[in-house]
Amino acid sequence: PQILKLFSNLKKEDLNHAYLFTGKEGMGKSKLAKQLAKSLQCPTGKLLKPCEKCPACLSKNLETTILKGPQKISIDEIRKIQKKMNFKSQDNSFKICIIDNAERLTQEASNCLLKILEEPPEKSIFILTTSKPKLIFSTIHSRCQTIKFLPVPKDILEQELKKLFPDQEINPEIINYADGAPGKAIKLLGNQEFATELEEQKKLLYEFLKGSTPKRFQITTELSKLTYPEIKNTLEQWLSIVNLDLKKARNPQNENLTTFLKLLLEIKQKTDYNLNKRILLDQLAILGPKIE
Ligand SMILES: [Zn+2]
């Protein structure tokens with residue numbers, strides 16, 4: 001909401017040449033970037049409020065380039081964008097480039113982008129989004145205005161979801177699991193299997209926590225057969241389950257659960273570095289405290 005206010009108080013010509021939207025996944029960073037781009041191209045609409053009627057709003061927008069997807073962004077792609085951004089459009093409208101998950105820029109691509117940002121073409125706007133701001137080169141950081149998307153408090157998230165889906169019952173597990181990210185919550189609401197899946201994970205997690213060492217290794221071996229995104233997802237589910245259980249009651253196991261929570265977080269962060277899956281997950285089996 002503060003971010004919306006920030007932009008709606010600005011005039012189109014007051015915008016900076018480059019923005020970096022940071023925040024967790026599912027916070028609506030790229031959605032806002034697209035909305036901003038659309039409203040910039042609309043001749044009558046105000047910032048973030050495109051008219052939705054004019055040709056620019058209704059047609060596929062040719063003056064906006066969006067780089068999305070999981071793959072790395074090469075210097076060639078940035079050069080292509082540079083050409084496009086330098087080329088003046090007929091009606092002298094804004095040219096916008098949205099780079100989703102900007103941590104995908106290679107070093108050469110970052111350097112090339114940096115040169116563009118040092119002398120940006122007229123009426124050009126770059127919007128970079130990332131959930132991993134630490135992986136963005138500091139030189140790029142310094143050229144962009146950073147806008148932080150902070151997690152939405154639980155009560156506000158619940159209120160907003162109720163407004164959006166008045167007919168649906170909002171499972172409190174979803175609010176907890178979404179962890180302040182509205183996009184994640186909406187995705188989960190549409191996912192009927194979510195509740196069952198979480199239930200199964202809970203069973204598996206406690207089998208693991210209470211299990212003997214061989215049992216634990218059996219579980220981590222099974223887990224290590226999954227892909228990295230799947231492993232990360234499972235660890236996230238475990239984290240959310242432990243978090244919830246810690247809040248539920250003061251039980252004598254809380255100290256062990258807290259230790260396990262820290263370990264889970266550490267291991268989850270390491271899933272970004274493509275380490276050996278077995279070695280990584282076996283640490284859970286070896287270092288995780290045992291729960292009676
Ligand atoms: Zn319009």
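Quick notes
- Stretching ASN243 away from LYS11 to a fully extended chain increases their span by 79.2 nm, per 0.36 nm per residue minus the current alpha-carbon distance.
- For the range 118-133 and the range 209-250, distance of Cα centres in Å: 39 Å
- Fraction of antiparallel bridges per DSSP, the chain only, in percent to nearest 5: 5 percent
- Cα-Cα P(r), the range 224-292, percent of pairs per 5 Å interval: 3, 16, 28, 24, 15, 9, 4, 1
- Segment GLU199-LYS162, extension gain: residue separation times 0.36 nm, minus the distance between their alpha carbons: 10.9 nm
- Surface per residue (accessible, 1.4 Å probe) for the chain, Å²: 59 Å²
- Here the chain has an Rg and Dmax of 22.6, 72 Å, counting Cα atoms alone.
- When each of the peptides 128-139, 155-166 is scored by how many other beta carbons lie within 10 Å of its residues on average, the order from highest to lowest is 128-139, 155-166.
- Cα shape, the range 1-149, gyration tensor, a/c 1.5 rule: oblate
- Centroid-to-centroid, using Cα positions, the range 153-175 and the range 36-67 are 30 Å apart.
- Shape call, the range 21-75: gyration tensor on alpha carbons, a/c limit 1.5: oblate
- All Cα-Cα distances of the range 188-246, cut into 10 Å bins from zero to the largest, leave 21, 52, 24, 2 percent in each bin in turn.
- Shape summary: the range 119-171 maps onto an equivalent ellipsoid whose semi-axes, from the alpha-carbon gyration tensor, are 36, 15, 8 Å in decreasing order.
- Efficiency of FRET from Cβ geometry, LEU62 and GLN2, R₀ 22 Å, rounded to 0.05: 0.10
- Counted over all Cα-Cα pairs of the range 165-292, pairs farther apart than 25 Å make up 27 percent.
- Surface composition of the range 2-148: carbon and sulfur make up 52 percent of the accessible area, probe 1.4 Å.
- FRET efficiency, 1/(1 + (r/R0)^6) with R0 45 Å, evaluated for ASN274 and CYS51 via beta carbons: 0.45
- In a fully extended conformation the segment linking LEU114 and ARG79 would gain 11.4 nm over its present Cα-Cα distance, using 0.36 nm per residue.
- Remark: spin-label model distance LYS148-LYS290 equals 4.3 nm, labels positioned 7 Å along the Cα→Cβ axis.
- Among GLN237, GLN201, GLN253, residue whose mean-square fluctuation peaks in a GNM of the chain (springs only between Cα atoms under 10 Å): GLN253
- Accessible surface of the range 192-287 [probe 1.4 Å, protein heavy atoms]: carbon and sulfur percent: 53 percent
- Shape of the range 119-226, Cα gyration tensor, a/c cut at 1.5: oblate
The values are calculated or read from the model by the stated rules, or taken from the named source; none is laboratory data. These numbers come from a predicted model, not from an experiment. Quick reminder, even Gly has a Cβ in these numbers, built from the backbone with ideal geometry, and neighbours come from all protein chains shown. Note: areas computed on protein heavy atoms with side chains; ligands, DNA, RNA excluded. Shrake-Rupley method; radii C 1.70, N 1.55, O 1.52, S 1.80 Å.
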